[in-house]
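Down below is the structure, laid out as C-alpha cells.
The values are calculated or read from the model by the stated rules, or taken from the named source; none is laboratory data. Owing to the predicted nature of the structure, the values given are computational and were not obtained by experimental measurement. Cβ atoms come from the backbone with ideal geometry, glycine included; neighbour counts cover every protein chain shown. Calculation scope for accessible area: heavy atoms of the full protein, side chains included, ligands and nucleic acids excluded. Shrake-Rupley method; radii C 1.70, N 1.55, O 1.52, S 1.80 Å.
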Amino acid sequence: MVEILHGITLDIPEGETLGLVGPSGSGKSSLLMIMGGLEQATSGTVMALGQDLTQMDEDQLARFRQGNLGVVFQRFHLIPTMTALENVATPLELAGNRAAFEKAAEMLDKVGLGHRADHYPAQMSGGEQQRVALARALAPEPRILLADEPTGNLDGANGQAITDLLFGLSREHGATLVLVTHAPELAALCDRTIHLRDGHIDPDQAARAAE
C-alpha cells in the first residue's frame, strides 16, 4: 500500500471557496476524493456536515453524497447513452425528486444549454459537456461542491466560461466549493488556497498559519 497523504489537518467553514494547488502527485485529487467520501482514508477522521464519513459503509456514504455532495471532474463523466437533459435529471431522480426533468431543464438553461437538452455528449463540444456536468452537479443543490481540474481539458474561452459558472452558481446555491487546480488565476478566485507537496500541506504555509 502506498501512502499518499500524511498528517493533513484542515478545517473548511461552510460557504468557503477553497483551492487545492500543488505539483502533480502531491495528493490534491486524493484529498478531494477523501473529503467527499469517494475514497476511504486509512487513518484519521473525515467530518462533513457534522457526520463522520470514516464510520460509514458504502450504502451510507452513497446516501450522504446523494443529498449533500456535487462533483465536477476534469473528464466530464457524462453517461454517453443519455441526453444532456437525462444526464442532469438522473441524480434528481435517484433522490426521489418528482420534478427531476423540470429542474434539469432549468439548470441547463442556467448554464446556457437549454437548446442542447436533447443532444448526446458525443454531439457536444468539451466546453458544452463540462457545462452539462456542472448543471448535473448543482441541480440537487448540494451543500458541498467538489471540482477536480474543472477547466483542465478546456481552451481559454471555455475555461473562463466554466469558471464564471462554477463560482457564480456555487454562490447562488450557498455551496461550499473545494477545487483542485493547476491554474493560478483560478486558485486566486478562492477565499483561501492550500498548497500541497508530497502529501503534506506545504510546511512554509503551515508555519505561516500557526503564527
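Taking all protein chains as shown and a probe of 1.4 angstrom, LYS110 keeps an accessible surface of around 70 Å². Taking the square roots of five times each eigenvalue of the Cα gyration tensor of region 44-98, the equivalent ellipsoid has semi-axes of 26, 14, 9 Å, listed largest first.
Taking every protein chain into account, the accessible area of the chain amounts to 51 square angstrom per residue (probe 1.4 Å). A straight chain from GLN160 to GLU93 at 0.36 nm per residue would run longer than the Cα-Cα distance by 21.1 nm. For the chain, the share of accessible area belonging to carbon and sulfur comes to 49 percent (1.4 Å probe, ligands and nucleic acids excluded). Debye sum, Cα scatterers, region 4-72, no solvent: what log₁₀ I/I(0) at q = 0.11, 0.18 1/Å? The Debye formula, applied to the Cα set alone, gives -0.27, -0.73. For the residues SER170, SER125, a 1.4 Å probe over the protein chains yields an accessible-area ranking, largest first, of SER125, SER170.
Counted residue by residue at 0.36 nm each, then reduced by the alpha carbon distance between them, the extension gain from GLN123 to ASP202 reaches 24.2 nm. Computed from backbone phi with θ = phi - 60° and the Karplus coefficients 6.51, -1.76 and 1.60, the 3J(HN,Hα) list for region 75-91 is 9, 6, 6, 7, 7, x, 8, 10, 6, 4, 4, 5, 4, 6, 6, 4, x Hz; x is used for glycine and proline. Taken about its Cα centre, the chain carries a charge dipole of about 280 debye when Lys and Arg each add +1 at the Cβ and Asp and Glu each add -1 at the Cβ. With all pairs of separate Cα atoms included, region 73-211 yields a Kirkwood hydrodynamic radius of 16.0 Å. Using only the alpha-carbon atoms, how far is helix 100-110 inclined from the longest principal axis of the chain? Give it as 0 to 90 degrees, nearest 10. On a 0 to 90 degree scale, this one is about 80. In the chain, the longest principal axis of the Cα atoms and the axis of helix 126-138 are about 80 degrees apart.
Normalised by residue number, the volume inside the convex hull of the Cα atoms of region 1-126 is 162 Å³ per residue.
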